[in-house]
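Structure first, then comments.
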Amino acid sequence: MSVLEIRVEGMGFWAPGWPDWNAARAGLRGEGQADPAVVKPSPTSLAAAERRRAPLPVLLACEIAAQACVASARAADALPSVFVSTHGDLVITDYMCSTLASAPRELSPIRFHNSVHNAPAGYWTIAAHCHAASTSISSWHASFAIALFEAAVQAIADDTPVLLSAYDAESPGPLAEVSPASTLFGVAMVIAPCAGSRPDLRLRLQPSSAGARLSPALPADFQALASTNPMAAQSLPLLAAIAAGAGGVIELAASDQTTLGVELCA
């Protein structure tokens, strides 16, 4: 397969204690500390009434998406987007399953409305007044790699920047046994074709090998984050390498037999 060469024009990031990419980049370098006051995303792109009603995955996805757009200096209303979550909003899924099992007539239409996998993308495109195409993806523990590849393909095929928003929230009840997650995490990127300039990343789908050829050590806070959120576990090795400005190749799981090799062009 041909190599996909892309530029990363802007980054967004949110996790408890880490409100944006600048803070997280310093933390990943071992140069910063978590802020205990950062406990919940509050995206200003959503109206106050929407912020009060929206579930946490929506708040998280919109917060990091807005950060990436600002960092890239791209207009949010002009960007096609790819939104990705390992399983979507498992809090609502758990609520719906338990309610349908016990008192189905009491199911909330508002919570049902927010249960669909593309709800965060819908909130975002409405808030951003964006009429560009939006794709919502889920691919178990290969979700981040597949979404990064999808965004890169779209950017190069359509010769346009693309917003990628990747997020996972907490898993309640029995669903935590299927997809363990006990904290919020999200990362976003605006990626673009190189158009003659030097790429930041080169992507190639390839058969699985023995493992990542570059594996940056994570500070303790981020090791803990990776152990408590599936999207963090998938993406943090790459984010740590980007934060360090390192060259080399990170291999991200794209399936049981395939990896996405991401070469950092330092």
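Summary of values
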quantity: Candidate set from region 113-159 (those that are among the charged types (D, E, K, R) and part of a helix (DSSP H, G or I)); member that is farthest from ALA61 (Cα to Cα); calculated: ASP158
quantity: Members of region 218-266 found to be more than 24 Å from TRP140 (Cβ to Cβ), touching a helix residue (DSSP H, G or I) at 6+ places or on another chain (Cβ under 8 Å) and not in a helix (DSSP H, G or I), listed by number; calculated: PRO219, GLY248, LEU264
quantity: Subset of region 12-43 (residues that are within 16 Å of ALA188 (Cα to Cα), in contact with a helix residue (DSSP H, G or I) (Cβ under 7 Å, 6 or more places away or on another chain) and not in a helix (DSSP H, G or I)); calculated: GLY12, PHE13, TRP14, ALA15, TRP18, ASP20, PRO41, SER42, PRO43
quantity: Single unsatisfied condition, ALA217 versus (1) closer than 24 Å to TRP18 by Cα; (2) open to solvent by less than 50 Å² (accessible area, probe 1.4 Å); calculated: (2)
quantity: Residues within region 185-214 that are open to solvent by less than 20 Å² (accessible area, probe 1.4 Å) and among the charged types (D, E, K, R), tallied; calculated: 0
quantity: Of residues in region 226-235 being touching a residue at least 24 places away in the same chain (Cβ under 8 Å) and more than 16 Å from ALA176 (Cβ to Cβ), the one most open to solvent (accessible area, probe 1.4 Å); calculated: GLN234
quantity: Criterion (more than 23 Å from ASN22 (Cβ to Cβ) and of a type in the set (Gly, Ala, Ser)) met by exactly one of GLY196, GLY186; calculated: GLY196
quantity: Criterion violated by LEU59 - all others in (1) touching a strand residue (DSSP E or B) at 6+ places or on another chain (Cβ under 8 Å); (2) open to solvent by less than 20 Å² (accessible area, probe 1.4 Å); (3) part of a helix (DSSP H, G or I) satisfied; calculated: (1)
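This table checks each residue for (1) free of Cβ contacts under 8 Å to residues at least 24 places away in the same chain; (2) crowded, with 16+ Cβ neighbours inside 10 Å; (3) under 26 Å from VAL39 (Cβ atoms).
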residue	(1), (2), (3)
LEU79	no, yes, no
ASP89	no, yes, yes
ARG105	yes, no, no
ALA121	no, yes, yes
TRP140	no, no, no
ALA169	no, yes, yes
THR183	no, yes, yes
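The values are calculated or read from the model by the stated rules, or taken from the named source; none is laboratory data. None of the values given here were measured: they were computed from a predicted structure. In this analysis, Cβ positions are derived from the backbone assuming ideal geometry, glycine residues included, and neighbour counts consider all displayed protein chains. Only protein heavy atoms, including side chains, enter the accessible area calculation; ligands, DNA and RNA are left aside. Shrake-Rupley method; radii C 1.70, N 1.55, O 1.52, S 1.80 Å.
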